[in-house]
Amino acid sequence: MLELYGEVRAAYREFARYAAGASDTFAQWALAVAEDDEVVAWLGELPPVKRQPNLVFAAARLHGVPAPGPYEGFRAAVLGGEGVAIRDTILTHATQTNEARRLATLLPALTLAAGGRPLALIELGPSAGLCLLPDRWSYRWRTPNGEHTIGGPDDPELDCDVTGPAPLPAERPAVAWRSGLDIAPIDVRDDERVRWLETLVWPEQHERLARLRAGVELARRDPPPIVTGDLRRDLDALIDRAHAEAPDAAVIVVHSAVIMYLEGSDRRDFEAAMRERVAEGRCHWVSMEASGVVPGLVAEVPAGHLVLGLDGDAVASADQHGAALGWLR
Ligand SMILES: C[S@@+](CC[C@H](N)C(=O)[O-])C[C@H]1O[C@@H](n2cnc3c(N)ncnc32)[C@H](O)[C@@H]1O
């Protein structure tokens with residue numbers, strides 16, 4: 001057993017280290033899974049890509065396993081009567097957390113890229129599209145020199161700690177045109193899909209859950225369009241549409257926590273294609289991914305931070321959920 005599923009145990013131990021402090025429930029569950037032969041064997045029957053703790057724990061929660069709650073609740077559910085339904089959810093769902101706070105780190109780069117023009121925004125992998133609404137949130141950036149806030153008093157707020165010479169915008173950008181491109185978009189009006197999004201937020205992260213709910217409410221008033229498609233194949237058509245339908249706007253392709261879903265060679269191909277599109281003046285490119293996930297976008301960033309890229313250059317480090325921005329130069 002140990003030899004057969006050693007990589008499952010190792011992955012759950014690694015996840016426990018990653019979750020410690022942010023979700024003690026999931027950290028404890030993951031450590032317990034790694035020692036539990038029966039649960040490890042149950043996981044071992046899933047396709048490797050479906051064994052990831054985030055997906056498995058969220059599926060169990062969707063089927064009523066209390067979290068926070070003891071490991072025994074999770075164990076009894078997967079090995080007992082709920083096991084088949086949980087397995088079915090794992091096989092039919094994917095992790096696609098939508099974190100609007102990332103906009104607080106993306107907005108300075110989006111504004112720089114726009115150069116004073118309205119935005120024609122194309123988001124790759126937007127999930128439910130909460131980051132497609134930069135003009136509908138308000139922002140509070142805390143800098144060493146004090147706070148900088150923009151946006152309407154009634155708009156839900158995204159806050160972020162800033163260091164370095166970040167070009168914080170004086171006002172929210174105008175968005176002339178927007179569209180997402182996602183292989184499995186989430187319709188914000190679909191209660192069941194929204195429940196799945198909520199379940200993906202770790203149990204102790206009450207602030208993130210509240211922000212998600214505020215974002216869903218905001219998006220439901222006028223949901224952003226999201227095209228179903230693959231960023232590896234369908235982006236050029238969308239760029240063409242943006243130019244045709246918003247000829248005076250700056251076309252900006254943006255993505256956060258998405259390229260990790262691609263295989264290595266696809267990541268390289270995507271980067272090459274984006275650099276070419278930027279060089280040809282077809283679009284600007286704002287990216288927020290872990291260092292090296294876009295292979296040429298590598299920077300030394302604090303633990304838990306992603307690299308913020310502007311037209312293929314690393315310009316900042318950004319907390320993975322948008323809580324902090326460290327402008328590099
Ligand atoms: C972790 S979510 C990120 C959501 C959002 N960008 C954010 O920062 O909150 C990743 C999204 O990428 C989408 N995705 C994965 N592979 C894709 C592909 N090849 N083409 C388009 N979308 C993809 C998934 O469906 C999912 O909605």
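Any read-out appearing in this document is the output of simple, stated calculations on the displayed coordinates, not a laboratory observation. What you see is a predicted model; the values in this text were computed from it and never measured. All Cβ positions, even for glycine, are placed from backbone atoms using ideal geometry, and neighbour counts span all protein chains on display.
Among beta bridges identified by DSSP and lying wholly in the chain, the antiparallel ones come to about 40 percent. Estimated from the Cβ-Cβ distance and a Förster radius of 41 angstrom, the FRET efficiency linking ARG213 and ALA272 is about 0.55. If you line up the long axis of helix 83-92 against the longest principal axis of the chain, both from Cα atoms, how many degrees apart are they, to the nearest 10? The angle comes out at about 20 degrees. Applying 1/(1 + (r/R0)^6) with R0 = 45 Å to the Cβ-Cβ distance of ARG17 and ALA244 gives a FRET efficiency near 0.40. Phi-derived couplings, Karplus 6.51 cos²θ - 1.76 cosθ + 1.60 at θ = phi - 60°, listed residue by residue for region 255-261: 7, 9, 6, 10, 5, 4, 6 Hz, with x used for Gly and Pro.
Could you state the angle between the C-alpha long axis of helix 264-279 and the longest principal axis of the C-alpha atoms of the chain, as a value from 0 to 90 degrees rounded to the nearest 10? Between helix and principal axis, roughly 10 degrees. Once the mean of 1/r is taken over each pair of separate Cα atoms and inverted, the chain shows a Kirkwood hydrodynamic radius of 20.7 Å. Only Cα pairs under 8 Å and 6+ residues apart enter the sum, and on that basis the relative contact order of the chain stands at 18 percent.
Placing a pseudo-label 7 Å from each Cα along the Cα-to-Cβ vector at LEU328 and ALA237 gives an inter-label distance of 3.5 nm. Helix 191-200 and the long axis of the chain differ in direction by around 80°, with both axes built from C-alpha atoms.
Where does the longest stretch of the chain lie that holds no GluC sites (Glu not before Pro) found in a DSSP loop with 13 or fewer other Cβ atoms within 10 Å? After excluding every exposed loop site, the longest remaining stretch is 46-170. Near GLY180, the amide H atoms lying under 5 Å from its own belong to GLU123, ILE226, VAL227; only residues 5 or more places off or on other chains count, and H is placed 1.01 Å from N.
Once you sort the root eigenvalues of the Cα gyration tensor of region 153-211 as a ≥ b ≥ c, which label holds: rounded (a/c under 1.5), prolate (a/b larger than b/c) or oblate (the other case)?
Values: a/c = 2.17, a/b = 1.37, b/c = 1.59.
In terms of gyration-tensor shape, oblate.
In this label model, ARG189 and GLU300 are separated by 5.1 nm, measuring between points 7 Å along each Cα→Cβ vector.
Along the Cα-to-C-beta direction of LEU46, a point sits 7 Å from the Cα; which residues of region 166-204 have their amide N less than 20 Å from that point? Hits in region 166-204 for LEU46 at 20 Å: 184, 193-204. Placing R0 at 22 angstrom, the Cβ-Cβ distance between ARG117 and THR143 gives a FRET efficiency of 0.25 after rounding to 0.05.
Contact order, relative form, for region 6-92: 27 percent (alpha carbon pairs under 8 Å, 6 or more residues apart, mean separation divided by residue count). Cα gyration tensor of region 77-147, axes a ≥ b ≥ c as square roots of the eigenvalues: rounded (a/c below 1.5), prolate (a/b > b/c) or oblate? Since a/c reaches 1.5 and a/b is larger than b/c, the shape of region 77-147 is classed as prolate.
Short to long, the 10 Å bins of the Cα pair-distance histogram for region 210-329 hold 12, 37, 36, 14, 0 percent of all pairs. In this label model, GLU198 and GLU35 are separated by 3.4 nm, measuring between points 7 Å along each Cα→Cβ vector.
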